[in-house]
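Accompanying notes for the structure given below.
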Amino acid sequence: MQGRTAREVLAQIPSLRKHPQFERLLEIVTGETDLSSAGFPYISDTSFRILRDQVPHLFRQGAAVLGCLAALEEVLARRTDFSPGELESIQRAITVVRTVVLTAGITAPPDLWLLKHLISAHQELGILEWLLSGRALHSEVLAREHSLNFRQLETDLRFLHSRGYLLKGDGAFLLPSNPAILNVMQQLAAIPSEPRPNLVPRLGEWFSSPTRNDAQLRSWLDLGIDDQPTGSWVASHFQVELGYRLLPCVLALRTLEITKQLARGARLATLVPNFPTVLERLFELAGWSESGVVSELGARGFERGPGVFGIIAAYHPYVSNLEDILRSRLSGTWVRRAENVAASQDANRKTFEIANDKLDLFCKQYRYEYRVFIEHAAGRGEAIRQRYLRDGEQQAKYFAADLEDTAIDQAIGLQEQGILPASLQFIRSADIGEPDRVIQFLARQELAGEPTVMMVGNGFHEIRNQTNEKMVEVFRGYEHAGFVLIFTEESALDDEALLDTAWNTYHAGFRYVHEMSGQGLRPPAEGEHGAQRWSWRKCGELAGYVFLDEFSYRSRSIYPYRRPTHKNPSISVTYFCIPAKLAQELRIESVQGKSDTASAAWI
């Protein structure tokens, strides 16, 4: 290259220069990179901030970034004048950028869907008018003076803060001085609030109907507004409205079993007869398709979106009645369990595969044989389905436990189809926060004391009104029964982490709906998410469990760059725990607290 740097060489290639974001992307892909101890690529903090703040990557703009990366990879494949080290570093950066863009395509729509519901309720109650007046909002004072539910108001305002629409300081919330963000709030406030029914069933009927004469839905899907970017990662009014519509459309296609077929290159019109033009336009605006063909961004969205979208959308009864909740007029609201069950299965499939791999490895290494396999908070029994495919029905007896009859009924349907074991038994009305329900059921089957494995996918956080002591007692119940416990939980992230990482996780919306419904997320390590809330690991260890880091799994961290002096928690953790007695029998030493100090060192 005659002394020229990789950046200088790439900057002169015409096919790359035509991409609108290429100059900023070039800074990132030729910047500092490395691999984490877990083998994940990362970039520098400077590069991430350029990507977050200066490279628009939501919806169509994200698809454009992916197109630029693809063009860059084509160029690199033909070059022979770059060293192996240069090529590896550039490819690491490309991997990170692609991951961030694909992640944003899945994490942003649920947050924007929630945001539209929240803004509509706050408009009705005058909260938005207060903020737009420029006054600081002290949630405790406003709640007292206007007879509002302080806890819900604080939860709402923290969500707005975590998505960049409010500043927070000295116990008060305030709109930022950024004119572009003020403009978003003013535009949203200018739109009359509307009834907020669950549109997924109605859209599903419309998509499957040969006539499609629902003019109201057709009008609703047509945005009819121009995009006015905020100049930052904070979503514009156009993007809020787009995400608000995209989420129920994707879930409606999921109910028709169409999303599974929408791989990259698939034609929408061939999979949905008489595909509505207005829906095709919506997916093009989202960057999920181009000329009716599913894009790279769309393929990822149709594959992973239904799980994430469905988990958030299952809380529609809460957000559609948010005004009444804020006025403390409504009680007894509950998540739509039937929708949540299917979404949870989609979302947990990958982590259950990892958990089952770890279980196989543990059994082989320690010659451990279990006779009972339980999936708690079972939903449609995804962990059991995977275990059954590996082992058949010979090794262990299978049990599916769940609090909700809806979940059990769906699992029974899968059993009747031969997807779940014929011998599978169901434990109804089983609150995961009450271990005795499962323990006594096994005792009646004369299985008490038999080697038992219990697998849980994001189920413990659903225990309502948690305290640290209550969680210790829950774990103690399963530990005393001798259960090997393998469970996955999303990390509780604070406002700073959510703001710093923008759309790199879906935890802003995930935290919001779970706090709204009285459920409790916990941090992966001590000192995070408030000192008053102990980590999952601390609760388990105080109950007597020994956590085996060798068989646990941490997903990628929330920050895609090294943070040598700060925490960098994983998005989720799959914990592998064995009772103290079993650890003694297998001569496994307990290293208590190891994960709490080491989990920050993902990269």
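The values are calculated or read from the model by the stated rules, or taken from the named source; none is laboratory data. Keep in mind that what you see is a predicted model, and the values were worked out from it rather than measured. A quick note on method: Cβ atoms are made from the backbone with ideal geometry, for glycine too, and the neighbour counts reach across all protein chains shown.
For this structure, a couple of remarks:
- Within the stretch 69-116, restricting attention to residues that are polar (S, T, N, Q) and over 21 Å from LEU297 (Cβ atoms), the residue that is surrounded by the fewest Cβ atoms within 10 Å (Cβ to Cβ) is THR80.
- Residues of the stretch 281-327 that turn out to be more than 19 Å from the chain's Cα centre (by Cα) and part of a helix (DSSP H, G or I), as a count: 12
- Residue list for the stretch 72-116, restricted to those being without any contact (Cβ under 8 Å) to a residue 40 or more places away in the chain and within 30 Å of ALA313 (Cα to Cα): ARG98
- For the stretch 460-519, a residue qualifies if it is among the basic types (Lys, Arg) and either within 24 Å of the chain's Cα centre (by Cα) or not assigned by TED's automatic domain parsing to the domain that holds ASN348 (or both), and the qualifying residues are ARG464, ARG511.
- Members of the stretch 46-59 that are farther than 17 Å from ARG7 by Cα and either crowded, with 18+ Cβ neighbours inside 10 Å or in contact with a Cys (Cβ under 6 Å, 6 or more places away or on another chain) (or both): PHE48, ARG52, VAL55, PRO56, HIS57, LEU58, PHE59
- All positions within the stretch 208-249 that are of a type in the set (D, E, K, R), modelled with pLDDT of 85 or more and more than 20 Å from PHE309 (Cα to Cα): ARG218, ASP222, ASP226, ASP227
- Residues that are in contact with a strand residue (DSSP E or B) (Cβ under 6 Å, 6 or more places away or on another chain) and small (Gly, Ala, Ser) number at least 1 in the following helices (runs of 4 or more DSSP H) confined to the stretch 72-160: 84-125.
- Test: ALA430 is in contact (Cβ under 8 Å) with a residue 24 or more places away in the chain, in the same structural domain as LEU361 (by TED's automatic domain parsing) and buried (at least 19 other Cβ atoms within 10 Å of the Cβ): yes
- For the stretch 527-603, the helices (runs of 4 or more DSSP H) that sit wholly inside it and include 3 or more residues that are at pLDDT below 90 are 594-598.
- The criterion of at least 3 residues that are under 18 Å from GLN91 (Cβ atoms) and in contact (Cβ under 8 Å) with a residue 12 or more places away in the chain is met, among helices (runs of 4 or more DSSP H) falling completely within the stretch 1-71, by 6-11, 22-29, 45-54.
- Single unsatisfied condition, GLY310 versus (1) buried (at least 24 other Cβ atoms within 10 Å of the Cβ); (2) at pLDDT 95 or above: (2)
- For the stretch 442-498, the tally of residues that are surrounded by fewer than 19 Cβ atoms within 10 Å (Cβ to Cβ), out of contact with any Lys or Arg (no Cβ under 9 Å at 6 or more places or on another chain) and in a helix (DSSP H, G or I) stands at 9.
- Annotation: ALA411 fulfils all but one of (1) within 30 Å of ARG556 (Cβ to Cβ); (2) modelled with pLDDT under 95; (3) not charged (D, E, K, R); the unmet one is (1).
- Hits in the stretch 226-250 (condition: in contact (Cβ under 8 Å) with a residue 24 or more places away in the chain and surrounded by fewer than 16 Cβ atoms within 10 Å (Cβ to Cβ)): GLN228, PRO229, GLY231
- From the options ASP436, ASP402, residue that is of a type in the set (Asp, Glu) and surrounded by 23 or more Cβ atoms within 10 Å (Cβ to Cβ): ASP402
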